[in-house]
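Q: Handing you this structure, nothing more for now.
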Amino acid sequence: PEEGADLAGFSADTGQLLWRTPAIDANLRNPGIAQIEAFAVWQHIVYVARYDWKFSAYSVESGQLLWEVKAPSRTALDVAVDEHGVYLGADDFVRAYDLEQANILWEKEFDSRVGPILVEDGVIYIALHSREISLVAIDLQTLTELWQTWLGDVDVTEIRSLILNTGVMYVGANRLIAVSKENGAVLWMGEPTGRLEELLFDNGLIYVRNTA
């Protein structure tokens, strides 16, 4: 099958392939494999968003499909999860589902495309592809906005990764940016480097994939 279309589970002890999901033909009129754009794992379930397809949940142990639901959009997908729900960013929507049955808990529509998204400590952080707002933080209990910030002349369409560490959010765009988790204030901006993806913080260093 086409690269990027399968999801697979491997044994952490032996590296043995335990299961693999079949490729999905997303469009019967114009056949093409539904690429995996994002996935997240919580306990015994892996949640998967595929381009031009549905939002799916699989068993971590067996790869069995547990549920599959129609997404509010089939493009610009990202997934985040915590103990209260699984969150799907899709085009200009963010929708929250319960973990086990995919019941919709809430949804919010924005004036621009969203993503990536990040959830931590009861707050969802959302990058917006807007000329006025670049990042927004929303309290998941009350769904009230905690803060919003604008990143100036940074190309928001290049924001590809968000991570948090000790009160600071690091944003991977066409440069590395640090933002206060508390109020969204921009702490610093690095020099332009080209698109930065897959940020990882470890022992005081930030590792990135540079796709420029």
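Q: Taking the Cα-to-Cβ direction at Ala185 and at Ala102 and moving 7 Å from each Cα, how far apart do the two end points lie in nm?
A: 4.4 nm
Q: If each of Phe201 and Arg20 carries a label point 7 Å out from its Cα toward its Cβ, how far apart are those two points in nm?
A: Taking the two extended label points, one gets 3.7 nm.
Q: Considering only protein heavy atoms and a probe of 1.4 Å, how much of the accessible area of the chain is carbon and sulfur, as a whole percent? Walk me through the numbers before you get to the answer.
A: Details: 5360 of 11360 Å².
Carbon and sulfur: 47 percent of the exposed surface of the chain.
Q: Here's another thing I want to ask about it. Averaged over every viewing direction, what's the projected area of the C-alpha convex hull for the range 121-203? Give it in nm², one decimal, please.
A: On the way: hull surface 21.8 nm².
Taking a quarter of the hull surface, the average projection is 5.4 nm².
Q: Multiply the residue separation of Leu7 and Leu66 by 0.36 nm, subtract the distance between their alpha-carbon atoms, and state the gained length in nm to one decimal. Don't skip to the end; give the middle numbers.
A: Working: separation 59, 0.36 × 59 = 21.24 nm, distance 1.42 nm.
So the extension gain works out to 19.8 nm.
Q: Which of the aspartates and glutamates could a cross-linker bridge to Lys54, judged by Cα under 12 Å and excluding same-chain residues fewer than eight apart?
A: Asp25, Glu37, Glu68
Q: Right, next: Per residue, how many Å² of accessible area does the chain show with a 1.4 Å probe?
A: On the way: 11360 Å² over 212 residues.
On a per-residue basis, the chain sits at 54 Å².
Q: May I ask for the equivalent-ellipsoid semi-axes of the chain, computed as the square root of five times each C-alpha gyration tensor eigenvalue and listed largest first in whole Å?
A: Numbers: eigenvalues 165, 78, 65 Å².
That gives 29, 20, 18 Å for the three semi-axes.
Q: Also, quick follow-up: Taking 30 Å as R0, compute the FRET efficiency from the Cβ-Cβ separation of Asn165 and Thr193 and round it to 0.05. Intermediate results must be reported in sequence, preceding the final value.
A: On the way: r = 20 Å, r/R0 = 0.65.
Using R0 = 30 Å, I get an efficiency of 0.95.
The values are calculated or read from the model by the stated rules, or taken from the named source; none is laboratory data. Keep in mind the model is a prediction, meaning the values are calculated, not measured. Positions of Cβ are backbone-derived with ideal geometry, glycine not excepted, and every protein chain shown enters the neighbour counts. The area values use the complete protein model at the heavy-atom level, side chains included, leaving out ligands, DNA and RNA. Shrake-Rupley method; radii C 1.70, N 1.55, O 1.52, S 1.80 Å.
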